[in-house]
1. Could you tell me which numbered condition Lys39 fails, if it satisfies all but one of (1) of a type in the set (Lys, Arg); (2) at pLDDT 95 or above; (3) farther than 14 Å from Ile12 by Cβ?
2. Confirm whether Arg24 is exposed (fewer than 14 other Cβ atoms within 10 Å of the Cβ) and within 19 Å of Asn63 (Cα to Cα).
3. Taking the conditions exactly as written (in contact (Cβ under 8 Å) with a residue 24 or more places away in the chain and under 17 Å from the mean Cα position of the chain (by Cα)), does Ala27 satisfy them or not?
4. Output the residue which, of all residues in region 44-86 that are among the polar types (S, T, N, Q) and exposed (fewer than 14 other Cβ atoms within 10 Å of the Cβ), is nearest to Tyr4 (Cα to Cα).
5. All but one of (1) in contact (Cβ under 8 Å) with a residue 40 or more places away in the chain; (2) over 11 Å from the mean Cα position of the chain (by Cα) hold for Lys39; state the number of the condition that does not hold.
6. Any idea how many residues of region 28-82 are aromatic (Phe, Trp, Tyr) and touching a helix residue (DSSP H, G or I) at 6+ places or on another chain (Cβ under 9 Å)?
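The values are calculated or read from the model by the stated rules, or taken from the named source; none is laboratory data. Computed from a predicted model, the values in this text were never measured in an experiment. Don't worry about glycine lacking a Cβ; one is built from the backbone with ideal geometry, like all the others, and counts go over all protein chains shown.
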Amino acid sequence: MRDYIRRRVLDIAGHIIETKSTVRQTAKLYNVSKSTVHKDVTERLPMISKPLSKKVKRVLEQNKAERHIRGGEATRRKYREKKRSQ
């Protein structure tokens, strides 16, 4: 694995653990695709650090469990703004 990829994987993992951010948020911040972030944390990270990989996996599972709530909040904001502008 190339050095810059290894560094990116560790940076992304640290960011996800520290901020509890989603794959989308992380991808936007690091200017890479969601697929790249996902591959980094599910395939590359376990080869680098198993303990770190387990921590990231817990955060991603929590985000997955909460995504329906975030989606509902986004829809509520959308219609609230639409109602205000009328």
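1. The one condition Lys39 does not meet is (3).
2. On the way: exposed (fewer than 14 other Cβ atoms within 10 Å of the Cβ): yes; within 19 Å of Asn63 (Cα to Cα): yes.
For Arg24, the condition - exposed (fewer than 14 other Cβ atoms within 10 Å of the Cβ) and within 19 Å of Asn63 (Cα to Cα) - is met.
3. Working: in contact (Cβ under 8 Å) with a residue 24 or more places away in the chain: no; under 17 Å from the mean Cα position of the chain (by Cα): yes.
Against the criterion (in contact (Cβ under 8 Å) with a residue 24 or more places away in the chain and under 17 Å from the mean Cα position of the chain (by Cα)), Ala27 does not qualify.
4. Selected residue: Gln62.
5. Exception for Lys39: condition (1).
6. Number satisfying all stated conditions: 1.
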